[in-house]
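So the structure is just underneath, and the comments pick up after that.
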Amino acid sequence: MSIRVAINGFGRMGRLALRACWGWPELDIVLINDVAADAATAAHLLNFDSQHGRWAHQAEASQDGSAIKVADKQIQYYQQRNIADLPLAENKVDIVVECTGVHKTTPALQPYFAQGIKR
């Protein structure tokens, strides 16, 4: 059984987290949240990084912009400012990789824990 992962914040660190986790059978990235860019822009930035170069896989946005597709994997894409509004429990997320730099304290992370996120 794989660990279901969400990434909050898909800037440089969030994209690097996805690249680093990709291909690990133990990890299943199921959700990305980023308020700064739509899914098409996020997919483009995932494909082309000015420091780390072109990614070996091809990412693209779904037709309706609600997901990023990589190979045969579809990852839900959200643009929620309020982390309490993310459907983490619905998606059975086990771990959130917090890459925004905003939620640094236990009280700020409480909306994750309220949805049953373990780490």
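Read-outs: derived from the displayed coordinates by stated rules, not from any lab. Just so we're clear, the structure is a prediction, and the values are computed from it rather than from any experiment. Here the Cβ positions follow ideal geometry from the backbone for every residue, glycine too, while neighbour counts run over all protein chains shown.
Across region 78-94, which residue is surrounded by the most Cβ atoms within 10 Å (Cβ to Cβ) among those that are polar (S, T, N, Q) and over 20 Å from Glu26 (Cα atoms)? Give the steps one after another, and end with the answer.
Restricting attention to region 78-94, the residues satisfying the condition of being polar (S, T, N, Q) are 79-80, 82, 91.
Filter once more, so that each one left must be over 20 Å from Glu26 (Cα atoms): 79-80, 82.
On the way: Gln79: 15, Gln80: 13, Asn82: 8.
Ranking the candidates gives Gln79 first.
Which of the residues belonging to region 7-36 are of a type in the set (Phe, Trp, Tyr) and surrounded by fewer than 19 Cβ atoms within 10 Å (Cβ to Cβ)?
Step one: filter region 7-36 for residues of a type in the set (Phe, Trp, Tyr), giving 10, 22, 24.
Those that are of a type in the set (Phe, Trp, Tyr) and surrounded by fewer than 19 Cβ atoms within 10 Å (Cβ to Cβ): Trp22, Trp24.
Conditions: (1) exposed (fewer than 15 other Cβ atoms within 10 Å of the Cβ); (2) within 23 Å of Gln115 (Cβ to Cβ). Ala39 meets all but one. Number of the miss?
Only one criterion is unmet by Ala39, namely (1).
For region 94-107, what are the residues that are in contact with a helix residue (DSSP H, G or I) (Cβ under 9 Å, 6 or more places away or on another chain) and not acidic (Asp, Glu)? Walk me through it before giving the result.
So in region 94-107, the residues in contact with a helix residue (DSSP H, G or I) (Cβ under 9 Å, 6 or more places away or on another chain) come out as 96-103, 106.
Once the filter is applied, which keeps residues that are in contact with a helix residue (DSSP H, G or I) (Cβ under 9 Å, 6 or more places away or on another chain) and not acidic (Asp, Glu), region 94-107 yields Val96, Val97, Cys99, Thr100, Gly101, Val102, His103, Thr106.
Please verify whether region 29-45 includes one or more residues that are assigned to a strand (DSSP E or B), hydrophobic (A, V, I, L, M, F, W, C) and either farther than 20 Å from Ile3 by Cα or in contact with a Lys or Arg (Cβ under 6 Å, 6 or more places away or on another chain) (or both). Walk me through it before giving the result.
To start, the set of residues in region 29-45 that are assigned to a strand (DSSP E or B) comprises 29-33.
Going one step further and asking which of them are hydrophobic (A, V, I, L, M, F, W, C), we end up with 29-32.
Add one more test, that the residue is either farther than 20 Å from Ile3 by Cα or in contact with a Lys or Arg (Cβ under 6 Å, 6 or more places away or on another chain) (or both), and what stays is 30.
Among the residues of region 29-45, at least one is assigned to a strand (DSSP E or B), hydrophobic (A, V, I, L, M, F, W, C) and either farther than 20 Å from Ile3 by Cα or in contact with a Lys or Arg (Cβ under 6 Å, 6 or more places away or on another chain) (or both), which makes the answer yes.
Evaluate region 56-77: report whether one residue or more is outside any loop (DSSP other than H, G, I, E, B), among the basic types (Lys, Arg) and either touching a residue at least 60 places away in the same chain (Cβ under 8 Å) or crowded, with 18+ Cβ neighbours inside 10 Å (or both).
Step one: of region 56-77, the residues outside any loop (DSSP other than H, G, I, E, B) are 59-61, 67-70, 73-77.
Filter again for among the basic types (Lys, Arg), leaving 69, 73.
Subset that is either touching a residue at least 60 places away in the same chain (Cβ under 8 Å) or crowded, with 18+ Cβ neighbours inside 10 Å (or both): none.
Within region 56-77 (the criterion being outside any loop (DSSP other than H, G, I, E, B), among the basic types (Lys, Arg) and either touching a residue at least 60 places away in the same chain (Cβ under 8 Å) or crowded, with 18+ Cβ neighbours inside 10 Å (or both)), the answer is no, since none of the residues qualifies.
Somewhere in region 96-116, is a residue out of contact with any Leu (no Cβ under 8 Å at 6 or more places or on another chain), in a loop (DSSP other than H, G, I, E, B), among the aromatic types (Phe, Trp, Tyr) and within 18 Å of Ile3 (Cβ to Cβ)?
The answer is no, given that none of the residues of region 96-116 is out of contact with any Leu (no Cβ under 8 Å at 6 or more places or on another chain), in a loop (DSSP other than H, G, I, E, B), among the aromatic types (Phe, Trp, Tyr) and within 18 Å of Ile3 (Cβ to Cβ).
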